[in-house]
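Read the structure below first, then the notes.
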Amino acid sequence: MSAKTIAIAADHGGVELKSTIVDQLAKQGFDVLDLGTDGSSSVDYPDFAYAVCKTIIEGKAQSGILVCGSGIGMSIAANRYPEIRAALVHDRLSTELSRQHNNANVLCLGARLLGVATAQDCVEAFVSTKFEGGRHQGRIDKLSAPE
């Protein structure tokens, strides 16, 4: 892969914002795997969250973005996998901290709670902020291996 690959999916409540984010990422040179949904018909958000997570676990993408009405359902579904650290964020600072301290590899957004500009700012922070490592690494290790 020449560019970083990001998998993205949404349910019916987040499909419009997902489309905007796909365009944003493509313009920034990312390879985007759009895993749906593409319409307003009701769908089950866990199916789309699981698809993004499996893509990351299989190494087909380095990170993912999930969008639903609130972001809550997607974040709960994604965090079922020990390899996934999905962060439900509300602004740039929470996004930066999710990357710096938690090494989040999935960004969850609530389309009904965030304006488009805020969501795009969160995406920009997610793709540009690095994990700090150090004292945070041991905590991250514990997330993937609960006792």
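Rule-based calculations on the coordinates, nothing more; no lab input. In this text the structure is predicted, and so the values were computed from the model without any measurement. Note: ideal-geometry Cβ built from the backbone for every residue, glycine included; neighbour counts use all protein chains shown.
In degrees between 0 and 90, to the nearest 10, how far off the longest principal axis of the chain does helix 45-57 point, with axes built from Cα atoms?
50
Please express the shape of the stretch 38-147 as an equivalent ellipsoid: the semi-axes are the square roots of 5 times the eigenvalues of the C-alpha gyration tensor, given largest first in whole angstrom.
Ellipsoid semi-axes (Å, largest first): 22, 18, 11.
Against the longest principal axis of the chain, how steep is helix 135-144, in degrees 0 to 90 to the nearest 10, with axes from Cα atoms?
So the inclination is approximately 60 degrees.
Kindly rank 123-136, 68-81, 6-19 from highest to lowest mean number of other beta carbons found within 10 Å of each residue. Mind showing how you got there, number by number?
Working: 123-136: 14.9, 68-81: 20.9, 6-19: 23.6.
Result, highest mean first: 6-19, 68-81, 123-136.
Hey, fewest Cβ within 10 Å first, where do Tyr45, Tyr50 land in order? Spell out each step's value before the answer.
Details: Tyr45 26, Tyr50 18.
Ascending Cβ contact count within 10 Å gives the list Tyr50, Tyr45.
Which length gain, in nm to one decimal place, applies between Glu16 and Arg112 when the Cα-Cα distance is subtracted from 0.36 nm times their residue separation? Intermediate results must be reported in sequence, preceding the final value.
Numbers: separation 96, 0.36 × 96 = 34.56 nm, distance 1.07 nm.
Length difference between fully extended and current span is 33.5 nm.
Report the charge-dipole magnitude of the stretch 97-147 in Debye, nearest 20, computed about the Cα centre from +1 at each Lys and Arg Cβ and -1 at each Asp and Glu Cβ.
Values: 6 positive and 5 negative charges, 14 e Å.
The calculation lands at about 60 debye.
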